[in-house]
Each structure stands twice: as structure tokens, then as C-alpha cells.
Amino acid sequence: MKRIGTAVNSFKSGLNCSQALLSAFSEELGLDKKTATKIASGFGGGMGCSAETCGAVTGAVMVIGLKHGDSGKAATFTRELLERFRDRNGDLVCRTLLGCDISTDEGMAKARKHGLFTSRCPKFVEDAAEIVEELVR
């Protein structure tokens, strides 16, 4: 449970959603936090703020890879993550989750105006962290 809170707090402190997920689990899985945040840096906001797959999800997929990549179980656990995240939130796509397309100036302005990064994204980070916590045990 500590890693879930760490992920959410890291996001609220300025890391992007993907960085927050990967860095919360990284050291325990053999990757230092600085390297983890560098690796995940381009995945926030649905990969480069393109509003595609949620960065919390892509960060969680990286955690699964760190834990299960050598075992051949990564694909199975990734599918489980995607299914469970979608069940909780209705989708995996950032623009759908936020209700606006942050890859456009208008969409980014709307997200900021309505505080979507502070009102919605922490839940996505928490949900992805909870699910991946169970999958990497």
C-alpha cells in the first residue's frame, strides 16, 4: 500500500502520471528512481501529451515488465491490468478519461481550466498503482 501512496504523492508533487507509477515501484525492482523518471518521461499525458493511452497505465505496464519480463508472464499481467483499469474507469485513453483532448491547445486549456489534472488524474494513478501492486506481488 505504501507504493500506491508514493505514486499518488509523486504525481501531485510534479511527476507525470507515468513517472509517478514507475518510480514508486522501481527501486524495489532493481531500477533507481532517477533512471525510472527519465525512462517514463515521454509517456505522460497519454504518451507525449498526445492524449492516447493513459500514462498511469503505461507506467504500470513498465512496472510489470520490470517484475515479470523475464518470466514470460508480462503479456498476461498486462492484459489483466488493462482489463481491470478499463473496468474501473471506462477506458484506457487519456482524452476519453479526461473528456478533452490535451494534444490540442484548446483541450489543454480546458483541462487546466477545469482542474482535470488535479481532480481526475490522481484517481487514475491510484487505480493503476493498486492494480499493479496486486500483479507484482
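All told, S41 falls short of being farther than 15 Å from F85 by Cβ and in contact with a Leu (Cβ under 7 Å, 6 or more places away or on another chain). For the stretch 96-137, the set of residues classified as among the β-branched types (V, I, T), under 15 Å from the mean Cα position of the chain (by Cα) and surrounded by 19 or more Cβ atoms within 10 Å (Cβ to Cβ) consists of V125, I131, V132, listed by residue number. Being assigned to a helix (DSSP H, G or I), more than 21 Å from C49 (Cβ to Cβ) and small (G, A, S): is that true of A109 here? So A109 fails the test. The helices (runs of 4 or more DSSP H) located wholly in the stretch 28-95 that include 1 or more residues which are open to solvent by 70 Å² or more (accessible area, probe 1.4 Å) and of a type in the set (S, T, Y) occupy 74-89. Within the stretch 24-43, being closer than 13 Å to G55 by Cα and hydroxyl-bearing (S, T, Y) holds for T37, S41. Annotation for the stretch 3-15: at least one member residue is out of contact with any Leu (no Cβ under 8 Å at 6 or more places or on another chain), part of a helix (DSSP H, G or I), open to solvent by 50 Å² or more (accessible area, probe 1.4 Å) and under 23 Å from T118 (Cα atoms).
For every residue, the table says whether it meets (1) in contact with a Pro (Cβ under 7 Å, 6 or more places away or on another chain); (2) among the acidic types (D, E).
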| residue | (1), (2) |
| --- | --- |
| G5 | no, no |
| V8 | yes, no |
| C17 | no, no |
| A24 | no, no |
| D32 | no, yes |
| S41 | no, no |
| G46 | no, no |
| C49 | no, no |
| G55 | no, no |
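Looking at the stretch 113-130 only, could you name the residues that are more than 27 Å from R3 (Cα to Cα) and not in a loop (DSSP other than H, G, I, E, B)? The one that is more than 27 Å from R3 (Cα to Cα) and not in a loop (DSSP other than H, G, I, E, B): K113.
The condition of being of a type outside the set (S, T, Y) and within 20 Å of A24 (Cα to Cα) holds for only one of L116, L135, L92, that being L135. Figure legend. Inter-residue proximity from the stretch 50-74: first residues under 15 Å from I39 (Cβ atoms), second residues small (G, A, S) and open to solvent by 10 Å² or more (accessible area, probe 1.4 Å), beta-carbon distance below 8 Å, spacing 6+ or different chains. Indicated pairs: G55/G45; I64/A74; G65/A74; L66/G30. Considering each residue of the stretch 69-77 in turn, at least one proves to be modelled with pLDDT under 95 and more than 23 Å from R3 (Cβ to Cβ).
The values are calculated or read from the model by the stated rules, or taken from the named source; none is laboratory data. All values derive from a computational prediction rather than experimental measurement. With ideal geometry, Cβ positions are generated from the backbone for all residues, glycine too; neighbour counts draw on all protein chains shown. The area values use the complete protein model at the heavy-atom level, side chains included, leaving out ligands, DNA and RNA. Shrake-Rupley method; radii C 1.70, N 1.55, O 1.52, S 1.80 Å.
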